[in-house]
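First up is the structure itself, then whatever we jot down about it.
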């Protein structure tokens, strides 16, 4: 987890701190775990003269640095797939371009591909594919996470918010609403007009945190499966056979994914502004506190 000016690891059973690393200037994107490595992105505190961004790989067991990669632009978005970590960001001093994307091999930190004047359209991958958005005249396109090779182009304006567990579909938002696209060729499979919000997906349904409610749509057809009123929903997590919904006011709703009915009370967990479910445990975040709960 992010802790102050660095990152720290804690024992899942006791909460005891195992190690910490506070050598980072400013952690600028989400943490990513790949193959026993914790990947941390940081930049030089948004300096007006130095936009260098870094990706550092730490051993998840010990916190020991395995490699560190530096780039010409800060890192604000990151995703990992097919053994490659892809970062994108902004550079205010780069000659001829202001944005860029880098593909870095996770095992050793070697850069394997890059694009100038391009950003990640969102921190989402689908079975080894990432959606890239040029910042110049070019159309949005899907590239191989492993090699960077262009696979196919899309019309502009798509923002990937989730992918199916099998990686065969993108779930994206645009000015039209929520759409499902075939990840192999970009074909639009269905669209729900004017639907937008935080997404979560499983093999059967797509869940959307809309205005004052959570809507669930059938993954194959886009038809509404159920709707449930929830005050200011802003975060969805689908894990452990349940759907967890956090709200702007700190409340937690725990719902049945198949019906939207309350599966368990979120009251005992207190104010919650983020959840993670892993290894049969529920981890909640409130302010600077992380708590773990067993079934």
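Descriptive notes on the structure:
- Residue match in the range 134-142 (condition: touching a strand residue (DSSP E or B) at 6+ places or on another chain (Cβ under 7 Å), closer than 22 Å to residue 205 by Cα and surrounded by 20 or more Cβ atoms within 10 Å (Cβ to Cβ)): no
- Those residues of the range 78-98 which are more than 25 Å from residue 163 (Cα to Cα) and touching a strand residue (DSSP E or B) at 6+ places or on another chain (Cβ under 9 Å), in sequence order: 90, 91, 94, 96, 97, 98
- Residues of the range 81-113 satisfying the condition of being assigned to a strand (DSSP E or B), surrounded by fewer than 21 Cβ atoms within 10 Å (Cβ to Cβ) and modelled with pLDDT of 95 or more: 105, 111, 112, 113
- Residue 75 passes every criterion in (1) part of a strand (DSSP E or B); (2) crowded, with 17+ Cβ neighbours inside 10 Å apart from (1).
- Verdict on residue 270 being modelled with pLDDT under 90 and touching a strand residue (DSSP E or B) at 6+ places or on another chain (Cβ under 7 Å): yes
- Matching option when the condition is outside the structural domain of residue 77 (by TED's automatic domain parsing), out of contact with any strand residue (DSSP E or B) (no Cβ under 6 Å at 6 or more places or on another chain), surrounded by 15 or more Cβ atoms within 10 Å (Cβ to Cβ) and modelled with pLDDT of 95 or more, among 167, 222: 167
- Residues being surrounded by fewer than 16 Cβ atoms within 10 Å (Cβ to Cβ) and not in a strand (DSSP E or B) - total across the range 61-72: 3
- Candidates 180, 211, 216 - the one that is over 21 Å from residue 134 (Cα atoms) and loosely packed, with under 14 Cβ neighbours inside 10 Å: 211
- Among residues of the range 146-159 being at pLDDT 95 or above and under 21 Å from the mean Cα position of the chain (by Cα), the one that is surrounded by the fewest Cβ atoms within 10 Å (Cβ to Cβ) is 147.
- Some residue of the range 42-49 being in a strand (DSSP E or B) and in contact (Cβ under 8 Å) with a residue 12 or more places away in the chain: yes
The values are calculated or read from the model by the stated rules, or taken from the named source; none is laboratory data. None of these values were measured; they are calculated from a predicted model. Cβ: placed from backbone, ideal geometry, glycine included. Neighbour counts: every protein chain shown.
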